[in-house]
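Only the coordinates and a few stated rules stand behind these numbers; no lab work does. The structure displayed is predicted, hence computed values, not measured ones. Cβ placement follows ideal geometry from the backbone for every residue including glycine, while neighbour counts extend to all protein chains displayed.
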Amino acid sequence: MPIRRRDFLKISLGGSTLLALSSPLGESLSQSAEPPAPQRHDRDTVLVLLQLSGGNDGLNTVVPFEDDLYHRSRPTLRLAAQRLHKLDAQLGFHPDAPAFGRLYHEGQLSVLQGVGYPDSDRNHDGAMRDWHTARPGLALCPTGWVGGAIDHVYDAADRDLPAVFVGSTPTPFNLQTEKAVVPAIRSLSDWGLAQSTADARPLPSRKRPARSAAAALPSQTHPLLALAQHITRRAWASAARLEAVVAEGRRANPVEYPPFGLAGTLQTVAQLIRANLGIRIFAAEFGGGGIGGFDTHANQAANHGALLRQLSESIVAFVADLRRDRLLDRVLLVTFSEFGRTVAENGRRGTDHGAAAPLFLVGGKLKGGLIGSHPSLSDLDGGGLKFQTDFRRVYATLLDHWLGFDSLAILGERFEPVDFLESI
Amino acid sequence: MRKNPLISLTLAWSVLAVVPLAQPQDLPPANQWIPEEAVAVIELARPEALLDPLLSQDLARALGALPVWQQRTATPKYREFMAVLGYLEGQLSTDWRTAARKLIGDGVTLALGPQGEILLAVDARDGNLLDQLHQILRGFAVAEAAKQGQADRVTSVEYRGVTGHSFGPKEAHAILGRRLLVANQPKILKYVVDLKDDPQGRHLAASPLYQGAARAAGKGAVATAFVNLQALRDRPGLQQALTAASNPLATLLLAGTREALKTANWLSLGMYLEGGRLILKAATDGQPPAPAQSAAFATPREPGTGALPNLAVPGAIAGLSLYRDLHGFYAAKNVLFPERTSGLIFFENMMGIFFSGLDLTEQVFGETRPEIRLVVAAQRYDPAIGTPAVQWPAFAAILRLRRPAAFGEVVEEAWQKAIGLVNFTQGQQANPGLILDRFAHRDTKGTVAYYRPPAASGQAPIDARYNFRPALARPGDYLILSSTDGLARQLIDALDREQAAPGPARPVTHTLLELEGAQLRAILAANFDHLVRKNMVDKGTTQPQAEAELGMLLTLLDCVGAARLDLGRPSGPLGARLELELKLPTADPPKPAQVNAGAPPPPNTTVAAR
Amino acid sequence: MSWEPLADPAWAWAPFEPSAAQPWDLRQAGHLYRRAAFGATRAQLDQALAAGPQRAIDALLEPAADVAAFNRSADTYEAAAASGASTHELRAWWLRRMIETPHPLLERMTLFWHGHFALSNARVRSAQLMADHVQLLRRHALGSFREMFEGVLADPAVYLGLGAQANRRARPNLPFARTLLEQFTLGAGQFTDQDIQAVARAFTGWFVFQQDLRYLEREHDSGPNRLLGRAGDWDARQVAQALLQQPATARRLVRQLYRWLIAEEDPPADAFLEPLAVELARDYQIGRVVETMLRSNAFFSPLAYRQRVKSPVEFAIGLVRSLGATVGTTQLGAALADLGQDLYQPPTVAGWAGHRYWLNRFTVLGRVQLAHTLLATSKGPNGPWDAALAVGPQDRPTAAVPQLLADLFLEGDLAEASQQALLAGAMSAGADAAQRQPDGLIECAARLVATPEYQLS
């Protein structure tokens, strides 16, 4: 059995932990600590990008229960109206996602209907690559759209890395950069933080012996060294802040997360947001890597229900956690999936690869409600739903209006914004 | 490396502890001196039964011949240890083997407390020798402490007529008659002294949990262990281990066992030696899952049902026989493994295609009976094709169908679709595909798929895909899915034999695992080079180091004839029995492990030509 | 950084002579071994100090050990790992080769060319092809760029890696042509769109079938074609010749080598590099230019000193080699990928961006963790690595070992105040019991390699 990477990185720490070390600058942490939050940016909004791998069946997530065609197209998978959690007189959430219903009515969840793109790819790899690169059809596009944002923002030397991936599956391609190294954070103990104790930290010597001037490398005349020192100082300050957040989380009444992998991931994201490290984009994945759990070609009913229960309950816990610390107004969570599924069942109690699907937006600064109308169930795109909103318009809105980045530079084109944000 | 007498001292003590000797007549049994709060206790009632084989000159000679042993004993630390041992032998005017018997021969008891307390009780057969040794070691300790300028570290204290000694801050001990008591904290020693004098004292021997465990362990055990699960139940580590895993395969395999442990108050282990076999028996008072519980799919309900005996095939490496109701298992998936991983969904999608949309739970798993057997066996390669660079053993699953006539061909169709799909995807990646063929063995027809032989077959090792000739066969109401048609044929024969002469009735178990040491060794030896290279990059060893390490493993396997594990016996909710056939090295040791030094794979008629 | 004497390229590239102002000392020996190898043990540094700079460089260019025999044995191990679609096993064996090789400059240069051609197994999906590709780079790493480039153009992996496995007459592959011009040879701004068209057309007819590169005459577009201002019926071979004749190719290679061997900071003016570019353009012998750079005044000047950021591979292999130790490389390969340098899988056709991009808050913390793991799991020739053994004879007083480690890792580059604060902490962590002293030293070593100074090469 191969040792997993995380274990490899943890083995050596044993009793001592990262923070048991003094700062490698030979300064105490109080000396090296910087102001708690990087305030260089004009905004501190955070985007959580949640990938639902496999192609979520939007039609059974937000169900047009009044549409006769829905019931006729899905002889075994149709969901009865009385079991749904109603959004309005036409639409209802899947029976296993009551939590979505509550969030929706509290105005913290918006449904963006019929999102997709022209000539959409029907293969997992191709479609997912299109969503990841935001350059549909460009198979050799070397970087992802978040990666592009990272390189664009990080190019200014004094800025912190603006995005991370949180989770244990391989890092998705949307984070692929040309230059910056984007970390994958599996859990906070990756950084030796969980077991760390403050009293194990040695007190560095205060006395300053006379400097032998000839020996040391002078950072004043060595910009590269000055940069390395700056980053190291910020690294240690970040680690200290994370440690404090984890310790505080154990003391205060923590919000209870359900025992799902996704919930654990979102809890880690919440801790990282609370630590205020200047990370603007968190990417996470739900569906177990690979082709993904949402690829329900057979026996869909029970599996899709289980997934939606985990998704909605994990998100609700995340929202409660953020709301408790009054952080929700700074956070916007957006789901996406490579495609929706076919309107008609496939004879194996499942559905096949489709086209457009709804996106879910969760946060404290949303307009709320339904955005766009439900796509027609009779006017189809190769058996799937036709799109109304190009997903790149969503990306552009997130970049320009939520994060305050330059979407033109990152997406290479100007897209008309979608109106889902409260003005901020 | 700095000389450190403290290390030698520790080593000397540990040898005493490891080399265990029945009970002094003048003292009550040691378990009456163990506080009731102990969470785990190990008792060696008859240390000699273990000492005799371990201390035999034969074993010493055999071990001495091993290169690995020679490497280990060449270190300065070992030489230092031997020097101290020699000195002690001189002082006590006896050899260490005899001394060990005299010092430990009447029993050893080790108890662990809930907060990491440790208490060791050793009953010596020769009280004088114990006192003598104690004096010598105390002398060592005093000298060492003085050298480090901490002369006051070695202390002796009088408490209620007992003299307690301590050589350092993390150790305290006392000798009462022929019993030596060692603890990691002085207060434990005091507690024991109080306990032994208190007629109302709550000691282990009087605890109902311990008594229950002791009854289950039975008489005649060489060693027994008792674990107080009631006390440990709330530990997060144990909680985590017992909470349902989200991995379906682990859930399938561990069913029953985990539930029993969850409800158990105690766990008892007994070790027995019976004519060259080492037997470990485990028991708990835990309850099996109730029929309505999701984990009940592994509990045989009707009398006479349970895991079947493993099928005997030539060159068998391992056999696993399970009693698992797959239908019940899969129907309870939302409870048993709620996470929908990519792998699970992929499996469902594929099954959906192979079985043309049948419902997996009801219409597929519902067609199988709970008797499931898995076999792993050595295979012999067709010399005309060649031997793969990495050798995989053949493996197969044997299922039993409820309605073989109606469902058999459905499975066959699904199987051929699966092969077709493999071929399609392999073709997409420009890789070779499988050729489908039919074969007949006795009265059974089967499907086999094979790879076209390599163009230039000959001496060079061939691709690993030639380990596989996937086959399906349906003898009677059985269904064989095998990685080679050779193994499928042998299984058809084995099922025939089983039909003709059913084995003796066996106790009802839900899991039966058997391993054949020599065959396991042979397959490892066949892949020796591959494993050596893997060890080199995984651990950063040199080639000789990696070879020595793997050689050690092969040598260990030489010591195991066969191993057999039964789980879920009727004697208790969780009964487990592990039987190891030991082949301890004799004066004439086996050759040091080398490539292909294992038993040659037995004839395994993998038929290449059609 | 500007340094007055370097204004004159002739002097900058002349062989270095130690002087009172620029003495041959431990710092310079360490610098040489960081750039021309993956760090050095204390014994190697002492030898280099005794030998003087030029003879130390001789030994790095032409090691006394039997390099061919070592590489043959390494090739055998690697061949057994070169199967399937994943390069994880290969990655482990290359890292092991880097740790053990008697010719570290060759491996460092192989790594350089791997970054230059930046072929990724993410697209090639074949361990065998990737192994062959890196073997090709190793074969010519210090030899002829002409032969290497011709080899690259005959390498099926390159076509697969650039999505050019089918160069049809009807669909000349423009991205492939652009990569050839922009990354492999001339560099950005040195060619026109028409040149891209011409190169793409010249390569029509080349296909990869089942991992073999084949030429189909009927798919070749043989019409007249204009490349770099010259008309002709260009084929692949002629394109290669023409690209090598362009001075821009040699200039770009020299600039890249400068970045690799001398400094990532402050790109120099063209005029400064021109003597070397002219030299390289003569016959494309890489080894000679590398040698000139290593021996030069520029190399031993403040222009170069710690003016590069260590890549994750340089960081880890340098640490292990400086201890004279070995370490398991399977997990190391994965850890290095986490830190941004996945061997056989560079991020884009531009290779690893390097420089300050290696360092951010997370990679800095990751490096500290990795250092801990490496220090705790490193093996010496007879068991666990021993700090006291690595830095000198056994009879050195234990108390001196932290200072010796600091000399080994940082050669006095750490401000004394910082160093004292660091080491005081480490000793107190190990001071609770005499037995834990080795751990105290690991702590010491870990702190030293966590410093910002150590991240610079």
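What to note about this one:
- Radius ratio Rg over Rh of chain C, counting only Cα atoms, Kirkwood formula for Rh: 1.00
- Cα gyration tensor shape of region B:74-165, rounded if a/c is under 1.5, else prolate or oblate by comparing a/b with b/c: rounded
- Unsatisfied cross-links (Cα-Cα over 31 Å) in the set B:K262/B:K583; B:K262/B:K333; B:K281/B:K445; B:K147/B:K196: B:K262/B:K583; B:K281/B:K445; B:K147/B:K196
- Taking the number of Cβ atoms within 10 Å of each Cβ as an exposure proxy, the fewest-first ranking of C:L280, B:L50 is B:L50, C:L280.
- When the charge dipole of the protein assembly as shown is built from unit charges on Cβ atoms (+1 for Lys and Arg, -1 for Asp and Glu) and taken about the Cα centre, the candidate among A:S73, C:L319, C:G143 whose Cα reaches farthest toward its positive end is C:L319.
- Against the empirical curve 2.2 N^0.38 Å, the C-alpha radius of gyration of region B:382-491 lands at a ratio of 1.14.
- Given charges at Cβ of Lys, Arg, Asp, Glu: the protein assembly as shown dipole, positive-most of C:I262, B:A500, B:W33: B:W33
- Chain B - charge dipole about Cα centre, Lys and Arg +1 at Cβ, Asp and Glu -1, debye rounded to 20: 500
- Highest to lowest packing among A:243-256, C:185-198, scored as the average C-beta count within 10 Å: C:185-198, A:243-256
- Relative to its Kirkwood radius, the Cα radius of gyration of region C:285-353 gives an Rg/Rh of 1.05.
- Footprinting exposure proxy for A:S407, A:S423 (fewest neighbouring C-beta atoms within 10 Å first): A:S423, A:S407
- For region A:327-390, the spread of Cα positions along each principal axis, largest first, Å: 46, 23, 17
- Helix C:127-140 axis, angle to chain C major axis (alpha carbon atoms, nearest 10°): 80
- Ranked by how many other Cβ atoms sit within 10 Å of their own Cβ, fewest first, the residues B:K281, B:K262 fall in the order B:K262, B:K281.
- Computed on the Cα trace of region C:83-245, the radius of gyration divided by the Kirkwood hydrodynamic radius gives Rg/Rh = 1.00.
- Dipole of the protein assembly as shown, positive end: most advanced residue of C:L174, A:Y395, B:V122 [Cβ charges, Cα centre]: B:V122
- Candidate cross-link partners of C:K310 among the lysines, defined by an alpha-carbon separation under 25 Å and a same-chain spacing of 8 or more, comprise A:K10, A:K179, B:K539, C:K379.
- For chain C, the longest principal axis of the Cα atoms and the long axis of helix C:88-100 meet at an angle of about 60 degrees.
- Per-residue ellipticity at 222 nm, computed for chain B from helices alone with -39500 (n - 2.57) per DSSP H run of at least four residues, works out to -11500 deg cm²/dmol.
- Inverse mean reciprocal Cα-Cα distance (Kirkwood Rh) of the protein assembly as shown, Å: 36.7
- Dimensions of region B:5-206 along the principal axes, based on C-alpha atoms and rounded to the nearest Å, stand at 55, 44, 32, largest first.
- Per-residue [θ]222 nm for chain C (sum of -39500 (n - 2.57) over DSSP H runs n ≥ 4, rounded to 500): -16500 deg cm²/dmol
- Directionally averaged projected area (chain B, Cα convex hull): 32.7 nm².
- Dipole magnitude for region C:288-331: about 80 debye, using +1 per Lys or Arg Cβ and -1 per Asp or Glu Cβ, origin at the Cα centre.
- Cross-link reach is defined here as a Cα-Cα straight distance under 14 Å, omitting same-chain residues fewer than 8 places apart; for B:K102 the aspartates and glutamates meeting it are B:E48, B:D52, B:E89, B:D123, B:D126, B:D131.
- Within the same chain, aspartates and glutamates fewer than 8 places from B:K187 are excluded, and of the rest, those with a Cα less than 15 Å from its Cα are B:E37, B:E117, B:E158, B:E171.
- Dipole magnitude of the protein assembly as shown, debye to nearest 20 (Cβ charges: Lys/Arg +1, Asp/Glu -1, about Cα centre): 1200
- Averaged over residues, the count of other Cβ atoms within 10 Å places the peptides B:527-534, C:128-135, C:211-218 in the sequence C:128-135, B:527-534, C:211-218, highest first.
- Acute angle (nearest 10 degrees) that the helix C:236-245 long axis makes with the longest principal axis of chain C, alpha-carbon atoms: 60
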